[in-house]
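Comments concern the structure below.
The values are calculated or read from the model by the stated rules, or taken from the named source; none is laboratory data. Small disclaimer: the values here were computed from a predicted structure and weren't measured. Here the Cβ is made from the backbone with ideal geometry for all residues, glycine too, and neighbour counts use every protein chain on show. SASA here: full protein model, heavy atoms, side chains in, ligands and nucleic acids out. Shrake-Rupley method; radii C 1.70, N 1.55, O 1.52, S 1.80 Å.
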Amino acid sequence: MKNQEIIKSAISFDCKETEPCAREITFTVTAEGVGAAFNDAAKNAVKYAKLPGFRAGKAPRKIVEQYYGVEVLFADAEENVKIASMNLGGVEM
């Protein structure tokens, strides 16, 4: 999926040793990565939305955003970013 690759490339992280057995990891996501994650969340919501007056998966994106609320889509986008960041690898623990 193209957006997943954009999300992964938009994430950078820094790992600092805070104690001998503890690490602090800071993730930074660019606006482009957040936008790609939001688009993925919106496409997924449109695909599975069952709204009155529309066939399943056929409601326009704007209607889906109004029905579920942008906050719900941002929560899904945040989950997409978390999943992408877990799949980055390369962090030595």
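General observations
- The chain, relative contact order [Cα under 8 Å, separation at least 6], %: 28 percent
- Gain upon complete extension [Thr28, Phe54; 0.36 nm per residue less C-alpha separation]: 5.5 nm
- Rolling a 1.4 Å probe over the heavy atoms of the protein chains gives the chain an accessible area of 71 Å² per residue.
- Degrees separating the helix 31-48 axis from the principal Cα axis of the chain, which is the longest one: 40 degrees
- Taking Lys and Arg as +1 and Asp and Glu as -1, the other residues whose beta-carbon sits under 11 Å from that of Ala56 total +4.
- Chymotrypsin sites (Phe, Trp or Tyr not before Pro) restricted to DSSP loop in the chain with at most 16 other C-beta within 10 Å: Phe54
- Applying both filters, DSSP loop and at most 15 other Cβ atoms within 10 Å, to the trypsin sites (Lys or Arg not before Pro) of the range 1-79 gives Lys50, Arg55, Lys58.
- Of the solvent-accessible surface of the chain, computed with a 1.4 Å probe and all protein chains present, 54% belongs to carbon and sulfur.
- Contour excess over end-to-end distance, with Cα ends at Lys8 and Ile63 and 0.36 nm allotted per residue: 16.9 nm
- Formal net charge of residues neighbouring Glu71 (Cβ-Cβ distance under 15 Å; K, R +1; D, E -1): -4
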